[in-house]
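Q: Take this structure first; my questions come after.
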């Protein structure tokens, strides 16, 4: 008993001395407040940096041309697009003669051929200039109609009744033969030729063709615009122009058919292929490179930078 009492009094007499350089520590299951604030401030700074970068890229895209289509130029404006040609109004299709012809013939040349064939057929009649002029007036007045054609053709029975020798009658060539007068012949030739010309105009009209025909016209147009010499089909300038024509043609399709993934894949491949050709031309012939990209509506930034679509 005395022993336990002495131990208790001894413990009570002891004093706990804590060094002054040791501060009291508090325990918590959450992170310190100052560390959370630093993370938030870092996130805010990163977000501001990203917003500034996006604004800078937007200004760059505004100042530079589209790396796919580029700026409109004389060459790109001359390209045919299916949305503008094949979907045109019927009033534009039903012209007397098409402005653009298919099958690699010009509209002017085709019209000259038809007019020359019509005049050659009229000259074969051995008609006088007065008869040709009269026949032209009959045609312009809307004739000859069916009744006039029949009336101008006498029946064979009438001819045989007029002369005992029908062969002699035909050799004498009276005014009333089993044929039309030269003036009506001229009018009939012009009438038939007008129908033929209208039918061929519908066949040759480029607006009645299909997309492959339009693309072939664009390729031929690009070759003629960028060829170094007649017959040039393989130079870098021609190949770049042909790819540009195909890119414009396919881009107009992708704008309408946005879910055509195969078309988008082909478009990406052609854009990168054109970029490779222009990079090669940039190394080999800088002067020709500048002229080519200017006519294509592109700039150096569209060729040298990385393209992502």
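The values are calculated or read from the model by the stated rules, or taken from the named source; none is laboratory data. A quick note: this is a predicted structure, and the numbers were derived from the prediction, not measured. Every residue, glycine among them, receives a Cβ derived from its backbone with ideal geometry; neighbour counts consider all protein chains shown.
Q: Could you count how many residues in region 256-265 are in contact (Cβ under 8 Å) with a residue 12 or more places away in the chain and farther than 22 Å from residue 303 by Cβ? Step through it out loud before you land on a result.
A: We begin by selecting, within region 256-265, every residue in contact (Cβ under 8 Å) with a residue 12 or more places away in the chain; these are 256, 263-264.
Next cut, farther than 22 Å from residue 303 by Cβ only: 256, 263.
Of the residues in that region, 2 qualify.
Q: Right, something else. I need a count of the residues in region 240-260 that are exposed (fewer than 13 other Cβ atoms within 10 Å of the Cβ) and either modelled with pLDDT of 90 or more or within 15 Å of residue 69 (Cα to Cα) (or both). Give the steps one after another, and end with the answer.
A: If we filter region 240-260 for residues that are exposed (fewer than 13 other Cβ atoms within 10 Å of the Cβ), which is where we start, we get 255-259.
Right, trim to either modelled with pLDDT of 90 or more or within 15 Å of residue 69 (Cα to Cα) (or both) and you get 255, 259.
Looking only at that region, the number is 2.
Q: Which ranges mark the helices (runs of 4 or more DSSP H) fully within region 65-150 that have 1 or more residues being modelled with pLDDT of 70 or more and either farther than 30 Å from residue 276 by Cβ or more than 25 Å from the chain's Cα centre (by Cα) (or both)?
A: Details: elements: 74-77, 82-85, 90-93, 107-123, 129-140.
Result: 82-85, 107-123, 129-140.
Q: Which of the residues that make up region 274-289 are under 27 Å from residue 59 (Cα atoms) and within 24 Å of the chain's Cα centre (by Cα)? Spell out how you get there, then give the answer.
A: Start the filter on region 274-289 by keeping residues that are under 27 Å from residue 59 (Cα atoms), which leaves 274-276, 278-279, 282, 289.
Answer for region 274-289, where residues must be under 27 Å from residue 59 (Cα atoms) and within 24 Å of the chain's Cα centre (by Cα): 274, 275, 276, 278, 289.
Q: Yes or no: residue 237 buried (at least 18 other Cβ atoms within 10 Å of the Cβ) and at pLDDT below 85? Spell out the reasoning first.
A: Working: buried (at least 18 other Cβ atoms within 10 Å of the Cβ): yes; at pLDDT below 85: no.
For residue 237, the condition - buried (at least 18 other Cβ atoms within 10 Å of the Cβ) and at pLDDT below 85 - is not met.
Q: Moving on to the next point. Regarding region 244-254, can at least one residue be identified that is more than 25 Å from residue 57 (Cβ to Cβ) and without any contact (Cβ under 8 Å) to a residue 40 or more places away in the chain?
A: yes
Q: List, please: which pairs have Cβ atoms under 6 Å, are six or more places apart or on different chains, and start with a residue in region 276-293 that is within 9 Å of residue 237 (Cα to Cα) and end with one that is surrounded by fewer than 17 Cβ atoms within 10 Å (Cβ to Cβ) and at pLDDT below 95?
A: none
Q: Restricting to region 219-229, what's the tally of residues that are within 14 Å of residue 106 (Cα to Cα) and surrounded by 15 or more Cβ atoms within 10 Å (Cβ to Cβ)?
A: Matching residues across region 219-229 total 1.
Q: Out of everything in region 163-199 that is surrounded by 12 or more Cβ atoms within 10 Å (Cβ to Cβ) and in a loop (DSSP other than H, G, I, E, B), what residue ends up being modelled with the highest pLDDT?
A: 181
Q: In region 226-256, which residue that is assigned to a helix (DSSP H, G or I) and over 16 Å from the mean Cα position of the chain (by Cα) is nearest to residue 267 (Cα to Cα)?
A: Looking only at region 226-256, we keep the residues that are assigned to a helix (DSSP H, G or I), and these are 226, 236-256.
Checking the rest, the ones that are also over 16 Å from the mean Cα position of the chain (by Cα) come to 226, 236-239.
Numbers: 226: 22, 236: 19, 237: 19, 238: 18, 239: 16 Å.
So, considering only residues that are assigned to a helix (DSSP H, G or I) and over 16 Å from the mean Cα position of the chain (by Cα), the one nearest to residue 267 (Cα to Cα) is 239.
Q: Another question about this same structure. Assess whether residue 211 counts as being touching a helix residue (DSSP H, G or I) at 6+ places or on another chain (Cβ under 6 Å), over 13 Å from residue 78 (Cα atoms), surrounded by fewer than 18 Cβ atoms within 10 Å (Cβ to Cβ) and modelled with pLDDT under 95. Quick ask: steps written out before the conclusion?
A: Numbers: touching a helix residue (DSSP H, G or I) at 6+ places or on another chain (Cβ under 6 Å): yes; over 13 Å from residue 78 (Cα atoms): yes; surrounded by fewer than 18 Cβ atoms within 10 Å (Cβ to Cβ): yes; modelled with pLDDT under 95: yes.
When the stated conditions are applied, residue 211 passes them.
Q: Filter region 282-309 down to residues that are under 17 Å from residue 245 (Cβ atoms) and part of a helix (DSSP H, G or I) and give me whichever is modelled with the lowest pLDDT. Give the derivation first.
A: Applying the first criterion (under 17 Å from residue 245 (Cβ atoms)) to region 282-309 yields 292-298, 302.
Remaining after also requiring part of a helix (DSSP H, G or I): 292-296, 302.
On the way: 292: 94, 293: 93, 294: 92, 295: 94, 296: 93, 302: 83.
This residue is 302.
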